[in-house]
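Trainee: The following block contains the structure, expressed as structure tokens.
What follows is calculated from the coordinates using simple rules that are stated; it is not laboratory data. Fair warning: this is a prediction, and the values are worked out from it, not measured in the lab. Cβ placement follows ideal geometry from the backbone for every residue including glycine, while neighbour counts extend to all protein chains displayed.
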Amino acid sequence: MNNTVRALAATALICILAGSTLFLRAPDYFTLGTNDIVSASPLVNNKPAGEFTKGFVLDQPLVINQATDALISNLDQVCIEPLLATYVRPNSGKMRISLTASQWSTTGVFDFKNSPNNDYAMICQDVKHESTGVQNPVLRIESLEGENGSSITAWLTQDTSRGSAAINGQQTNMSLVFTISKRADLAHRVNLQNILVLIYLMATAVLMLSALRRNNAP
């Protein structure tokens with residue numbers, strides 16, 4: 001094997017390792033993200049809401065302005081992202097999470113097995129455009145399945161700028177920590193991905209040409 005082949009092989013190996021790092025260690029570049037509509041309240045003396053055992057219900061009237069209400073009503077899909085916790089254990093069960101306003105609603109079911117620990121779970125569902133009879137937007141979490149010792153929970157904060165939660169009918173004077181978001185624009189995301197891949201390919205070509213020139217130099 002001559003020096004040119006060795007140099008090209010070494011350069012190719014470096015490019016493969018760099019590409020693997022890019023694609024495997026930075027997956028967010030290649031997944032469709034979200035843009036916040038309602039940002040999360042800060043964590044202030046936060047505590048867990050309690051295990052989401054079967055029958056657990058959390059209701060929270062939302063404090064959002066008319067512009068935000070109108071924005072969501074014009075969407076085809078919206079994502080609710082509660083800050084969940086697993087108690088650092090495997091869990092089993094399901095919960096229904098819904099967001100209802102006067103002229104629209106969205107409902108989804110979330111499996112406890114998919115819950116992150118101390119992170120936001122993204123639950124995206126279609127928006128139904130219909131009159132609901134509800135005066136002000138309300139966020140509800142209702143546990144459909146779940147047992148003590150194998151159910152997840154969500155974080156509450158004393159910052160009630162987004163509203164105050166009631167658990168099983170009892171006021172908590174705390175707020176669920178959550179965000180409401182929409183899917184990022186697909187075309188924009190694809191353009192970013194294409195640019196990133198193009199930069200990688202150009203860098204690979206430059207490295208290989210540089211290796212060839214060094215080995216062919218007199």
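Trainee: From a point 7 Å beyond the Cα of Ser161 in the direction of its Cβ, which residues of region 71-109 have a backbone N at a distance under 19 Å?
Mentor: What the label zone holds, given the 19 Å backbone N cut-off, is 81-83.
Trainee: Moving on. Taking 8 Å as the Cα distance limit and 6 or more residues as the minimum spacing, I'd like the relative contact order of region 39-161 as a percentage.
Mentor: Result for region 39-161 is 45 percent.
Trainee: So which GluC sites (Glu not before Pro) in region 63-154 end up in coil per DSSP with only 10 or fewer other C-beta atoms within 10 Å?
Mentor: Listed in order of number, the matching sites are Glu130.
Trainee: Any idea how far apart Ile37 and Gln77 come out in nm if each label point goes 7 Å out from Cα toward Cβ?
Mentor: For the pair Ile37/Gln77, the computed spacing is 1.3 nm.
Trainee: Starting from the Cα of Val63, step 7 Å toward the Cβ, then list every residue of region 145-175 with an amide N under 16 Å from that point.
Mentor: Correct set: 157-166, 172-175.
Trainee: Still on this structure, please answer the following. In terms of Cα to Cα distance under 20 Å, which aspartates and glutamates are near enough to Lys182, apart from those fewer than 8 places away along the same chain?
Mentor: Excluding near neighbours in sequence, the set is Asp28, Asp36, Asp69, Asp76, Glu81, Asp119, Asp126, Glu130.
Trainee: Please compute the length gained on full extension between Lys113 and Val44, using 0.36 nm multiplied by the number of residues separating them and subtracting their Cα-Cα distance.
Mentor: In short, 22.1 nm is gained.
Trainee: Using a Debye calculation, one point per C-alpha and no hydration shell, please list log10 I(q)/I(0) for region 34-183 at q = 0.13, 0.14, 0.21 Å⁻¹ in order.
Mentor: -0.53, -0.62, -1.41
Trainee: Please list, in chain and number order, the residues 5+ apart from Gly163 or on another chain whose amide H is under 5 Å from its amide H, with Hs placed from the backbone.
Mentor: Sorted by chain and number, the residues that satisfy this are Val63.
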